[in-house]
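Colleague: The structure that follows is given in the form of structure tokens.
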Amino acid sequence: MTIALGTALALLVLWWALRFLSAGAEGRLPLPYLIALIPFLWIPALLLAIVAAVLGCWPLAVAAVVLAMIVALRVPLHRLSLRETSRETKRETYRETHPDTSDTTARGYDEQPDAPITVMTLNCRFGRADADAIMDAVRAHDVDVLALQELTADLVGALDAAGIRDVLPHRQLGEDRPTDNGGFNGLWTRLAPVAAASSSAQIPAADVPMIVASPTRNGQPADAPDSAIAFASAHTKSPMRGCRAWSQGIVGLGRLALQRATVVLGDLNCGIDHPSFRKLLAAGFRDASMSALRKPMVSFPSWLAWPRIELDHVLISGGIDAERVETLTIHGSDHLATVAALRIR
């Protein structure tokens with residue numbers, strides 16, 4: 001029995017140690033899924049500790065308790081390099097905005113120049129998310145930038161019918177391609193765009209649309225080039241659609257942090273335990289939930305209160321801080337929506 005318990009503990013330790021693989025090395029099935037379940041390893045570790053204690057195997061019991069505590073308390077045993085860089089690269093952009101509102105600025109910024117920017121992201125589950133529920137959330141939380149993934153043309157039409165252009169008049173959609181993972185991505189904003197592009201990062205997944213905008217400061221438009229903020233909506237492939245493409249897409253988004261103050265919103269199909277995601281953070285991004293709450297924000301599946309895993313993120317770089325992060329239920333989606341209040345320094 002001692003040998004059996006020791007073997008079980010060794011397997012749990014090896015499972016937990018998968019998080020220390022090099023980025024990209026976890027791009028083989030079933031490693032992405034095993035790593036995603038690491039936050040729940042405290043359950044079998046605790047059960048093993050109880051069994052070992054009952055049988056009098058105290059060294060194994062103590063070791064299992066230590067493992068359970070490390071996992072449950074999410075002890076940060078890795079070091080991340082979160083250096084920000086000021087190097088900018090050029091890219092071609094174009095604009096797709098509402099023709100009658102091209103001079104619109106952020107609502108309330110003239111009256112409240114220090115007000116945070118509220119962003120929201122949601123995976124729309126093959127376009128099945130309810131457009132009215134999305135708009136209710138946008139209005140209730142005074143959302144300034146909305147990022148949606150797994151969009152369909154029908155859902156875009158339903159959002160137009162629900163009045164999204166009255167609230168968020170500027171939009172940029174990714175191209176609708178047969179190779180998209182569940183649908184295309186889109187952005188809507190009340191901030192007047194400086195530039196926009198349907199694809200801002202070349203990754204093996206759906207297009208990553210981007211809108212670059214300059215919020216007003218002290219009641220005046222912030223026209224300086226370095227004041228512009230880039231917002232992008234991203235959806236990396238799930239591992240089942242190709243593990244290598246999954247890892248390459250996550251890591252590839254890191255190039256966006258090298259260009260300017262950037263906010264990447266979306267379903268990135270990964271969490272802090274995935275080495276590829278930590279490499280993305282090391283490129284210059286910070287996770288808003290880790291910054292504001294000191295813990296990951298779990299968002300999938302929406303129909304379970306527990307257990308849930310971490311898939312959806314708001315990533316920030318440059319002079320942007322996260323003040324508040326929360327999740328919302330949107331009818332029709334299997335993900336929770338993530339809402340974050342961001343403040344510009």
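The values are calculated or read from the model by the stated rules, or taken from the named source; none is laboratory data. This one's a predicted model, so the numbers in the text were calculated from it and none came from an experiment. All Cβ positions, even for glycine, are placed from backbone atoms using ideal geometry, and neighbour counts span all protein chains on display. Just so you know, the surface numbers come from the protein's heavy atoms only, side chains and all, with ligands and any DNA or RNA stripped out. Shrake-Rupley method; radii C 1.70, N 1.55, O 1.52, S 1.80 Å.
Colleague: Suppose all protein chains stay in the model; what accessible area per residue would a 1.4 Å probe give for the chain, in Å²?
Modeller: Averaged over the residues of the chain, the accessible area is 44 Å².
Colleague: I would also like to ask the following. Would you mind telling me the share, in percent, of accessible area of the chain contributed by carbon and sulfur at probe 1.4 angstrom?
Modeller: Carbon plus sulfur share of accessible area: 58 percent.
Colleague: Within the range 244-267, name every residue whose backbone N is under 18 Å away from a label modeled 7 Å from Cα of T179 along the Cβ vector.
Modeller: Answer for this model: 244-253.
Colleague: Multiply the residue separation of D166 and I43 by 0.36 nm, subtract the distance between their alpha-carbon atoms, and state the gained length in nm to one decimal.
Modeller: The span from D166 to I43 would gain 39.4 nm if fully extended.
Colleague: Something else about it: Calculate, for T2 and A25, the FRET efficiency according to 1/(1 + (r/R0)^6) with r their C-beta to C-beta distance and R0 35 Å; round to the nearest 0.05.
Modeller: The formula returns an efficiency of 0.60 here.
Colleague: Percent of Cα-Cα pairs per 10 Å bin, from 0 to the last occupied bin, for the chain, please list those.
Modeller: Using 10 Å bins, I get a P(r) of 6, 25, 32, 21, 10, 5, 2, 0 for the chain.
Colleague: With runs of 4+ DSSP H residues as the only contributors, calculate the mean residue ellipticity of the chain at 222 nm using -39,500 (n - 2.57) per run, divided by the residue total and rounded to the nearest 500.
Modeller: -8000 deg cm²/dmol
Colleague: To continue, here is another question. Where in the range 128-237 are there trypsin sites (Lys or Arg not before Pro) that are in a DSSP coil and have at most 16 other Cβ atoms within 10 angstrom of their Cβ?
Modeller: R128
Colleague: Let me ask another. Suppose we flag chymotrypsin sites (Phe, Trp or Tyr not before Pro) only when DSSP calls them loop and at most 10 other Cβ atoms lie within 10 Å. Which is the longest uninterrupted stretch of the chain?
Modeller: My reading of the result: 95-302 is the longest stretch.
Colleague: Sticking with this one: How big is the antiparallel share of DSSP beta bridges in the range 144-303, given as a percent to the nearest 5?
Modeller: The antiparallel fraction comes to roughly 75 percent.
Colleague: Given contacts defined as C-alpha pairs under 8 Å and at least six residues apart, what's the relative contact order of the chain, whole-number percent?
Modeller: 20 percent.
Colleague: Right, another one. Evaluate the distance, in nm, between pseudo-label points positioned 7 Å from the Cα of D132 and of E326 along their respective Cα→Cβ axes.
Modeller: Calculated label separation equals 2.3 nm.
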